[in-house]
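Q: Sharing a structure below in structure tokens format, with a few things to ask.
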Amino acid sequence: MLSQHLRMKGTLPLRLLVADYGADITYGEEIIDHKHIKCERRINEEIGTGTTDIVEKGTENVVFRTCHEERNWMVFQMGTSDLVRALAAAQIVCKDVAAVDINMGCPKSFFISGGMGAALLTKPGLIADILTTLRRNLDTPVTCKIRFLKSSLDTVELARRIEKTCVSALAVHGRRVADRPRDPANWNGITHVVEALSIPVIANGDVFEYEDIQRIKESTGATSVMVARGALWKGRRI
């Protein structure tokens, strides 16, 4: 099971907590490349226990914090619209995390207006360029997350193009950009992606109870399950 936290929710204490509850992989809060490339990596001697801070240069503002304990299961989540910035940001933190993930599914207006998140879904060429650049220049595994396009065929075609970049896994959220959180997630659509790809597919959407984890895996055939809101609302029950 994977725990992917919403923006500003995936801080170190919460990641350690959900890992203790049973999550196999945890995702950090989504950090924008513009902000991350203005930072530097520092070892936090005060906290100790192998704590690493990514700090905004010239300040004491900690943008991202991780520790040695979560090194093998923590995924750094990034918002980007540019392959050069994406690589520069990833290189700062790649040795401290298990993988680097590009969020291409966030529907929030802030991200879309900046060409990030779900705005990338209509730019398959740019998606391929970003992922290929990261794969060629990082030793760390690279993953990404998308959501549905207007049709199942379009979604599958995009997923196949992403697979060709040699990413380690693809997460698929079962809603379109225009859908609201209250709209049911389309698990059947995730099945179409799973059947079309040979890389691991991570299913996401409407996982709020422990039983939902097995239900979505059986329904979609996905390799893994990503929990987001459910981990915040009902962490103990999942």
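The values are calculated or read from the model by the stated rules, or taken from the named source; none is laboratory data. Remember, it's a predicted structure, so these values are computed and weren't measured experimentally. Positions of Cβ are backbone-derived with ideal geometry, glycine not excepted, and every protein chain shown enters the neighbour counts.
Q: Please tell me if Ser109 is surrounded by fewer than 17 Cβ atoms within 10 Å (Cβ to Cβ), over 22 Å from Arg229 (Cβ atoms) and not aromatic (Phe, Trp, Tyr).
A: So Ser109 fails the test.
Q: Looking at Ala169, Ala159 in this structure, which one is farther than 21 Å from Thr26 by Cβ, modelled with pLDDT of 95 or more and crowded, with 20+ Cβ neighbours inside 10 Å?
A: Step by step, each of Ala169, Ala159 is checked, and only Ala159 is farther than 21 Å from Thr26 by Cβ, modelled with pLDDT of 95 or more and crowded, with 20+ Cβ neighbours inside 10 Å.
Q: Going by what's in this entry, would Val55 be described as within 22 Å of Phe110 (Cα to Cα), of a type outside the set (D, E, K, R) and surrounded by fewer than 20 Cβ atoms within 10 Å (Cβ to Cβ)?
A: no
Q: Can you tell me how many residues within the range 58-80 are under 28 Å from Gly174 (Cα atoms) and crowded, with 21+ Cβ neighbours inside 10 Å?
A: Adding up the residues that qualify gives 7.
Each row is one residue, and each column tells you yes or no for (1) out of contact with any helix residue (DSSP H, G or I) (no Cβ under 9 Å at 6 or more places or on another chain); (2) in contact (Cβ under 8 Å) with a residue 60 or more places away in the chain; (3) farther than 26 Å from Gly125 by Cβ.
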| site | (1), (2), (3) |
| --- | --- |
| Leu17 | yes, yes, yes |
| Arg41 | no, no, yes |
| Val62 | yes, no, yes |
| Leu83 | no, no, no |
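Q: Could you please find all residues in the range 128-151 being within 17 Å of Val193 (Cα to Cα) and not aromatic (Phe, Trp, Tyr)?
A: Hits for the range 128-151 are Thr143, Cys144, Lys145, Ile146, Arg147, Leu149, Lys150, Ser151.
Q: What strands (runs of 3 or more DSSP E), lying completely within the range 11-70, carry at least 1 residues that are hydroxyl-bearing (Ser, Thr, Tyr)?
A: Of the strands (runs of 3 or more DSSP E) lying wholly inside the range 11-70, those with at least 1 residues that are hydroxyl-bearing (Ser, Thr, Tyr) span 25-27, 51-56, 62-67.
Q: Oh, and also: Take the residues of the range 198-212 that are crowded, with 18+ Cβ neighbours inside 10 Å and of a type in the set (A, V, I, L, M, F, W, C): which is farthest from Arg180 (Cα to Cα)?
A: My answer is Val201.
Q: Then there is this: Residue by residue through the range 115-132, note down the ones that are surrounded by 17 or more Cβ atoms within 10 Å (Cβ to Cβ) and of a type outside the set (A, V, I, L, M).
A: Matches in the range 115-132: Gly117 only.
Q: Please state which of the following conditions Ala178 fails to meet, knowing it meets all the rest: (1) over 19 Å from Ile216 (Cα atoms); (2) surrounded by 14 or more Cβ atoms within 10 Å (Cβ to Cβ).
A: Only one criterion is unmet by Ala178, namely (2).
Q: Taking Val156 as meeting all but one of (1) of a type in the set (A, V, I, L, M); (2) free of Cβ contacts under 8 Å to residues at least 40 places away in the same chain; (3) farther than 24 Å from Asp96 by Cα, write down the number of the exception.
A: The one condition Val156 does not meet is (2).
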